[in-house]
Amino acid sequence: ESINMVDHQHLIIRANVENPFVNVNLTKEWLKRLVKEIGMKICKTGGPHVDYVEEEGNCGIAGVVMIETSHISIHCWDKETPPLVQMDVYSCLKFDISKVISFLEEMKPFNINFSVIVSYPFITKFWI
């Protein structure tokens, strides 16, 4: 059965958090649970792929999971004051944006900004 891939959603999130992810394995599990929560499927070799980057000025978790309809990525800068998380979810199938934002609760966000881009053939809508 073919999937109707007319709608494209791109959620871009920037949040300050109290408890950024620093553990690679816990971040992998969080990404797997998020994929399931929004009704997507991980590609056969799609990960999640997560590392802790130890580059001065850029320390923190970097992760991505390839889903059958595109990807989810997350970056956590735990050494920033306050800690910063940026992530995006892109899919050519609709997903519940509120479920993604509520998933951030594990990191105790106190400042969340997000944008949503929804594209249809020949039409793009952008919300801030």
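Key figures for this structure:
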| read-out | value |
| --- | --- |
| In the chain, lysine pairs closer than 17 Å at Cα, eight or more apart or cross-chain | 14 |
| Net +/- balance of residues flanking residue 16 in space, Cβ distance below 15 Å, scoring K and R +1, D and E -1 | -2 |
| Size of charge dipole - the chain - debye, nearest 20, with Cβ of Lys, Arg +1 and Asp, Glu -1, no other charges | 420 debye |
| Magnitude of the charge dipole, region 60-114, Cβ model with Lys/Arg +1 and Asp/Glu -1, debye to 20 | 60 debye |
| Protection-proxy order for peptides 69-75, 79-85, each taking the mean of Cβ atoms within 10 Å per residue, highest first | 69-75, 79-85 |
| In sequence order, calculated HN-Hα J values of region 26-41 (Karplus, 6.51, -1.76, 1.60; Hz; x Gly/Pro) | 5, 5, 4, 5, 4, 4, 4, 5, 5, 4, 5, 4, 9, x, 9, 10 |
| Estimated 222 nm signal from helices in the chain, with DSSP H stretches of n ≥ 4 weighted -39500 (n - 2.57), rounded to 500 | -5000 deg cm²/dmol |
| For region 10-21, 3J(HN,Hα) per residue [Karplus equation, 6.51 cos²θ - 1.76 cosθ + 1.60, θ = phi - 60°, Hz, x = Gly/Pro] | 9, 9, 10, 10, 10, 9, 8, 9, 7, 10, x, 5 |
| Translational diffusion of region 20-128, µm² s⁻¹ [Kirkwood Rh, Cα pairs; Stokes-Einstein; 37 °C; 0.692 mPa s] | 223 µm²/s |
| Region 104-119 versus region 1-75: alpha-carbon centroid distance in Å | 13 Å |
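Rule-based calculations on the coordinates, nothing more; no lab input. A quick note: this is a predicted structure, and the numbers were derived from the prediction, not measured. Cβ atoms come from the backbone with ideal geometry, glycine included; neighbour counts cover every protein chain shown.
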